[in-house]
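The values are calculated or read from the model by the stated rules, or taken from the named source; none is laboratory data. A quick note: this is a predicted structure, and the numbers were derived from the prediction, not measured. Here the Cβ positions follow ideal geometry from the backbone for every residue, glycine too, while neighbour counts run over all protein chains shown.
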């Protein structure tokens with residue numbers, strides 16, 4: 001495969017640099033194009049994938065407490081396992097969006113010496129072009145990683161000035177949907193980088209960084225956005241405002257299949 005030397009370099013770098021389990025360990029920086037078999041799905045992907053799975057060997061120390069694997073994924077539609085030293089940590093999220101993923105690494109999953117991380121397609125094998133990378137083993141739990149800064153959001157209607165049900169989207173400087181501490185409850189529904197709130201109010205924690213926050217409510221409403229830079233320890237409040245731009249009296253909304 002044309003990109004095989006590229007992958008060998010990545011594996012060599014990861015394999016030769018041993019770090020303490022108390023330090024972040026970068027496993028891959030660029031995104032790697034994977035496809036198990038078959039023709040490419042879209043012309044936006046190269047005809048030849050870099051490999052059919054990702055296998056990385058690296059040196060580390062054993063983890064006595066839970067740590068976390070951070071990664072970025074794109075265009076995942078089938079089932080892909082993430083495996084560390086023969087133990088499945090979880091699966092990539094079956095979602096085509098560019099998004100981040102955190103997977104807990106249980107105690108004693110890492111071992112002192114050589115470790116192996118694999119990402120491979122499982123179950124019924126259907127051609128699935130994906131990109132995965134920016135993988136880092138973090139020394140802390142996911143809750144600690146996500147607690148560097150706090151963001152409180154209020155979205156109101158332009159006319160009534162009252163809170164309004166809406167969809168909030170949070171992306172980083174690359175446009176990637178980001179992980180946050182937000183969870184689904186009676187007031188909101190959450191997936192990576194997206195919060196559907198019933199009253200326009202939400203609060204969550206996330207790592208320090210540069211973000212853009214969008215608020216909207218279907219095609220009949222406009223979009224508002226805010227850019228924010230968060231440093232460790234920051235607690236910021238953002239206010240957004242959206243208004244109806246398309247009149248819809250007499251129309252029925254439905255999702256037919």
Is it the case that the range 229-251 has a residue that's closer than 18 Å to residue 166 by Cβ, loosely packed, with under 10 Cβ neighbours inside 10 Å and outside the structural domain of residue 161 (by TED's automatic domain parsing)? no
Restricting the search to the range 112-171, which residues are assigned to a loop (DSSP other than H, G, I, E, B) and on the phi > 0 side of the Ramachandran plot? 123, 161
The range 210-220 - residue that is part of a strand (DSSP E or B) and touching a residue at least 40 places away in the same chain (Cβ under 8 Å) and, of those, farthest from residue 159 (Cα to Cα): 211
Does residue 185 fit the bill of being modelled with pLDDT of 95 or more and either on the phi > 0 side of the Ramachandran plot or out of contact with any strand residue (DSSP E or B) (no Cβ under 7 Å at 6 or more places or on another chain) (or both)? yes
Scan of the range 87-111 for residues that are touching a residue at least 40 places away in the same chain (Cβ under 8 Å) and part of a strand (DSSP E or B), ordered by number: 99, 100, 101, 102, 105
Just wondering, is there one or more residues in the range 105-123 that are crowded, with 16+ Cβ neighbours inside 10 Å, at pLDDT below 95 and out of contact with any strand residue (DSSP E or B) (no Cβ under 6 Å at 6 or more places or on another chain)? no
Would you be able to tell me the number of residues in the range 31-49 that are touching a strand residue (DSSP E or B) at 6+ places or on another chain (Cβ under 6 Å) and crowded, with 19+ Cβ neighbours inside 10 Å? 5
